[in-house]
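Taking it in order: structure first as structure tokens, then the write-up.
The values are calculated or read from the model by the stated rules, or taken from the named source; none is laboratory data. For clarity, every value in this text was computed on a predicted model and none was experimentally measured. We place every Cβ from the backbone using ideal geometry, glycine too, and count neighbours over all the protein chains shown. We work out accessible area using only protein heavy atoms, side chains counted, and drop any ligands, DNA or RNA first. Shrake-Rupley method; radii C 1.70, N 1.55, O 1.52, S 1.80 Å.
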Amino acid sequence: MEDRDIVTLFWARSEQAIAETARKYGAYCRTIIGRILPSREDAEECLSDTYWGAWNSMPPQRPRCLPPLLGRIARNAALDRYRSNSAQRRSGAFEAVLDELAECLGGGSAEEALDAALLEDALRRFLSALPQTSRRVFLRRYWYCESIEEIAAAFSFSPSKVKSMLHRARQGLKQFLQEEGFSL
Amino acid sequence: MKKEELFRAIGAAEEEQVMDALAAPKRRRGPRYLAAAACLVLLAAAGLALPRILRGGGSTPVDTQYSVNVALSELSKPPEGSGSSQSADLVWLEPEEIFALDTVIFRGTVEEMRCYEAHGAYDHVFTVAAIAVSEVYRGEVEDTCTLYLNVVPGHVTNSLAGPLDDLRVGSEAIFMAYPATAETGVRTDKGFFCYADAADFYCGEGIRLVFLDSGEGLEFEREVYQEIAGAASLDEVEDYIRRMIGEESGGAEDAEQGTQESGAAPADSGSGGA
């Protein structure tokens with residue numbers, strides 16, 4: 001079923017929308033969630049949360065294609081569960097992703113409330129300014145949480161090149177956020 | 001800001017960019033970047049149309065001075081059925097590290113290209129380009145020099161060739177090359193092929209060490225040199241190279257001198273961020 005037809009089902013409040021979403025994008029969502037939550041039980045519960053989140057998102061949203069929206073909901077649901085999990089139930093691989101992003105924050109201890117919308121807008125501008133390949137590598141790592149080896153294989157790059165590209169992008173992001181006035 | 005907040009905010013990336021991230025990248029001239037090992041891809045085969053310089057039979061022996069158990073011949077065409085595989089491990093380097101290599105850097109125009117064969121303890125087909133040098137940025141380079149290339153542009157290539165595949169007589173380029181000495185070359189268990197028997201300099205790869213104006217655009221590995229990814233001329237590359245090797249441009253020196261005379265502080269010229 002085409003994405004626009006699935007979206008129509010959501011708007012019509014038809015429960016078939018969930019079934020069609022699961023059929024077409026269940027594996028996709030599981031993959032994203034699985035990179036953040038190593039526990040299968042956690043992942044299945046998170047998947048259900050993702051479908052519930054999609055149900056609550058449409059309407060009012062009417063995306064042209066579903067993967068980015070579903071992936072975003074899945075990421076956020078998985079992140080919420082990850083934060084509430086004890087250390088023993090956390091994924092070392094995903095912790096590495098977060099630790100890499102922490103390099104962009106400068107180690108400061110800013111406690112003031114963060115305007116999420118401003119940060120999202122700034123990140124969209126940063127990503128749009130990146131060269132295409134750098135952006136693809138960045139998003140594969142920090143949106144899709146792919147491993148360095150997976151990214152290297154996809155682009156026929158060496159792992160060291162992928163690490164180097166990500167390092168430069170993180171340094172650029174850190175500088176960009178500072179110039180935008182964010183407290184890091 | 002916490003790292004989790006940053007991770008969550010990245011989730012709001014544009015739909016098109018999120019989808020594009022999964023698009024399979026196009027491959028240009030076969031794989032360029034090597035994970036563990038690379039193979040030389042040889043395009044030479046019987047039946048390919050060859051330019052006049054490479055047609056016809058026979059070869060002309062070339063005297064050698066340093067090579068051991070390796071004979072050199074100038075070819076009128078690549079030998080038929082030639083083929084070999086060679087592993088190469090390309091270490092990913094930052095531009096600063098590339099410019100720290102012990103290379104000479106010069107700009108010039110290719111005046112002639114000749115095809116040669118090394119045979120004996122080492123079998124290999126290669127090209128020697130004669131270059132009229134217009135500018136030297138680093139090292140000692142005469143007004144004309146010869147450059148060893150381990151490819152035959154348009155006929156025999158490898159995954160490290162990069163812009164060298166499009167090098168032709170009349171091409172203008174900036175080269176980062178190593179001086180060929182009595183010790184530089186390829187050693188095998190049976191002998192030694194010395195680059196100095198072939199040329200003044202050698203260029204082991206084109207990907208990171210050559211900036212070529214092919215006449216149809218500027219060719220170089222823009223992913224490596226992201227600071228000048230948008231460069232459209234060798235002059236822009238030249239300015240970048242001068243900055244990278246720490247050479248003050250004449251304009252910058254004049255500007256700084258002018259502002260110092262007027263008592264104003266010179267402008268800060270930091271490099272770009274993302």
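Decide, for region A:31-184, between rounded, prolate and oblate: order the square roots of the alpha carbon gyration tensor eigenvalues as a ≥ b ≥ c, take rounded if a/c falls under 1.5, and otherwise choose prolate if a/b is larger than b/c, else oblate.
Rounded, since a/c falls under 1.5.
Can you compute log10 of I(q)/I(0) for region B:96-162 with the Debye formula, treating each Cα as one identical point scatterer, at q = 0.16 Å⁻¹?
Those come out to -0.68, one per q.
For a quick check of your reading of the filter: which GluC sites (Glu not before Pro) in region B:85-194 sit in a DSSP loop and have no more than 11 other Cβ atoms within 10 Å?
B:Glu140, B:Glu142, B:Glu183
Taking 8 Å as the Cα distance limit and 6 or more residues as the minimum spacing, I'd like the relative contact order of region A:1-122 as a percentage. Before the final figure, lay out each step's value.
Details: 92 pairs, mean separation 34.6, N = 122.
After rounding, I find 28 percent.
Out of every Cα-Cα pair in region B:121-210, what percent are more than 23 Å apart? Could you put the intermediate results ahead of the total?
On the way: 826 of 4005 pairs.
In whole percent, the long-distance tail amounts to 21.
Please list the non-local residues whose amide H lies under 5 Å from the amide H of B:Tyr202, H modeled 1.01 Å from N, same-chain partners needing a gap of 5 or more.
Amide H to amide H, under 5 Å and 5 or more residues apart or across chains, B:Tyr202 pairs with B:Tyr148, B:Tyr178, B:Ala180.
Rounded to the nearest whole Å³, what is the per residue volume of the convex hull around the Cα atoms of region A:39-86?
Values: hull volume 3.0 nm³, N = 48.
That works out to 62 Å³ per residue.
Whole-Hz ³J(HN,Hα) for each residue in region B:214-228, computed from phi via Karplus 6.51 cos²θ - 1.76 cosθ + 1.60 with θ = phi - 60°, x for glycine and proline: what do you get?
7, x, 10, x, 8, 10, 6, 7, 5, 5, 7, 9, 5, 5, 10
What number comes out for accessible area per residue over region B:92-179 if the probe is 1.4 Å? Units Å², please.
Details: 3120 Å² over 88 residues.
With the other protein chains kept in place, region B:92-179 gives 35 Å² per residue.
Explain nothing, just the number: dipole magnitude of region B:178-236 about its Cα centre with +1 on each Lys and Arg Cβ and -1 on each Asp and Glu Cβ, in debye rounded to the nearest 20. Could you put the intermediate results ahead of the total?
On the way: 4 positive and 13 negative charges, 73 e Å.
Charge dipole, region B:178-236, about its Cα centre: 360 debye, nearest 20.
Let me have the 222 nm mean residue ellipticity of chain A computed from DSSP H runs of 4+ only, each contributing -39500 (n - 2.57), with the sum over all residues rounded to the nearest 500.
On the way: 9 runs with 132 residues, N = 184.
Computed mean residue ellipticity for chain A: -23500 deg cm²/dmol.
Please identify every one of the trypsin sites (Lys or Arg not before Pro) in region A:18-87 that sits in a loop by DSSP and has no more than 16 other beta carbons within 10 Å of its own beta carbon. Please list the in-between numbers first.
Working: sites: A:Arg23, A:Lys24, A:Arg30, A:Arg35, A:Arg40, A:Arg64, A:Arg72, A:Arg75, A:Arg81, A:Arg83; in loops: A:Arg64.
Filter output for region A:18-87: A:Arg64.
At 7 Å along the Cα-to-beta-carbon direction for both A:Gln175 and A:Ser160, put a label point, then send me their distance in nm to one decimal.
In this crude spin-label approximation the distance works out to 2.4 nm.
Of the listed pairs A:Lys161/B:Lys190; A:Lys24/B:Lys2; A:Lys174/B:Lys2, which have alpha-carbon separations greater than 24 Å here?
Working: A:Lys161/B:Lys190 35 Å; A:Lys24/B:Lys2 34 Å; A:Lys174/B:Lys2 13 Å.
The answer is A:Lys161/B:Lys190; A:Lys24/B:Lys2.
Give the separation of the Cα centroids, region B:136-177 to region A:4-61, in Å.
55 Å
Ignoring the sites themselves, what is the longest stretch of chain A with no GluC sites (Glu not before Pro) in a DSSP loop and at most 12 other beta-carbon atoms within 10 Å?
Values: sites that count: A:Glu2, A:Glu15, A:Glu111, A:Glu112.
Formally, the longest exposed-site-free interval is A:16-110.
To the nearest 20 debye, what charge dipole does chain A have about its Cα centre, counting +1 at the Cβ of each Lys and Arg and -1 at the Cβ of each Asp and Glu?
In debye, rounded to 20, chain A gives about 600.
Out of every Cα-Cα pair in region A:1-44, what percent are more than 18 Å apart?
On the way: 359 of 946 pairs.
Of all Cα-Cα pairs in region A:1-44, 38 percent lie more than 18 Å apart.
Convert each backbone phi in region B:14-23 into a coupling constant with the Karplus relation 6.51 cos²θ - 1.76 cosθ + 1.60 (shift: θ = phi - 60°), then list the ³J(HN,Hα) values in order as whole Hz, x for Gly and Pro.
4, 3, 4, 6, 5, 5, 5, 4, 8, 5
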